[in-house]
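Before any comments, here is the structure.
The values are calculated or read from the model by the stated rules, or taken from the named source; none is laboratory data. Being a predicted model, the structure only gives us computed values, none of them experimental. Note that we place each Cβ from the backbone using ideal geometry, even for glycine, and neighbour counts take in every protein chain shown. Side chains included, ligands, DNA and RNA excluded: accessible areas come from the protein's heavy atoms. Shrake-Rupley method; radii C 1.70, N 1.55, O 1.52, S 1.80 Å.
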Amino acid sequence: MLSGRTMNYKGEIMMNDQLIKTEMLREMGWYIGEGVEERRSFFGKAKGKTITEQLQVNQNKQYISKQLIEIFALSPSRLDREMKYISNERWNASAAIGLASGKRIFCFPWLDDSVNEIIRARLQLCSNVLKKNNCILIIPIQSESIVEGFADEIIYLK
């Protein structure tokens, strides 16, 4: 909901004593693992943009694509692939694209205790870079051990 993906919800979201609408959340929010909109091929079929194409959307003029590729440790051999074909680099690429797109709130997928060390390392890298850029991260977890050592605050919801 905070990434702007959910349209139908009950209640209100307040931020700094201001009512936040879904459109505002869409402007600020980003769901890690996804990219920007697909493009259409000559025959009208949906075709995903490559990582390079998505990084070029760059509304955050603080970085150029080359810097984002370095900061998020993206493999040059995967930059000309669609998001769905880059395996476990998806989070890094998605975070880079979100940052390039000027997003401020980053929501991660639900993580349970089966998170392996590769995913944990990617989570920590993304977290460190995004926090340095004054972004808000929402990481729903099953246990504290997943974010131990790099989370600034843990909020328990029941």
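At-a-glance table
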{"quantity": "Residues satisfying the stated conditions in the range 89-138, i.e. more than 15 Å from Leu68 (Cα to Cα) and among the charged types (D, E, K, R)", "calculated": "Arg104, Asp112, Asp113, Glu117, Arg120"}
{"quantity": "Qualifying residues in the range 18-37 (those that are in a strand (DSSP E or B), touching a Ser or Thr at 6+ places or on another chain (Cβ under 8 Å) and not β-branched (Val, Ile, Thr)) - the one farthest from Gly48 (Cα to Cα)", "calculated": "Gly29"}
{"quantity": "Boolean, Ser65 is of a type in the set (Ser, Thr, Tyr), more than 14 Å from the chain's Cα centre (by Cα) and open to solvent by 40 Å² or more (accessible area, probe 1.4 Å)", "calculated": "no"}
{"quantity": "Test: Asp80 is surrounded by fewer than 20 Cβ atoms within 10 Å (Cβ to Cβ), at pLDDT 90 or above and not in a helix (DSSP H, G or I)", "calculated": "yes"}
{"quantity": "Any hit, the range 139-149, residues being touching a Pro at 6+ places or on another chain (Cβ under 8 Å) and free of Cβ contacts under 8 Å to residues at least 60 places away in the same chain", "calculated": "yes"}
{"quantity": "Complete set of residues in the range 131-150 that are in contact with a helix residue (DSSP H, G or I) (Cβ under 8 Å, 6 or more places away or on another chain), closer than 16 Å to Val115 by Cα and part of a loop (DSSP other than H, G, I, E, B)", "calculated": "Ile139, Val147, Gly149, Phe150"}
{"quantity": "Matching entry among Leu74, Leu99 (being more than 12 Å from the chain's Cα centre (by Cα) and surrounded by 17 or more Cβ atoms within 10 Å (Cβ to Cβ))", "calculated": "Leu74"}
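Condition check ((1) open to solvent by 50 Å² or more (accessible area, probe 1.4 Å); (2) of a type in the set (Ser, Thr, Tyr); (3) touching a strand residue (DSSP E or B) at 6+ places or on another chain (Cβ under 6 Å); (4) at negative phi) across all residues:
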residue: Lys103; (1), (2), (3), (4): no, no, yes, yes
residue: Ser114; (1), (2), (3), (4): yes, yes, no, yes
residue: Ile118; (1), (2), (3), (4): yes, no, no, yes
residue: Leu123; (1), (2), (3), (4): no, no, no, yes
residue: Lys131; (1), (2), (3), (4): yes, no, no, yes
residue: Ser143; (1), (2), (3), (4): no, yes, no, yes
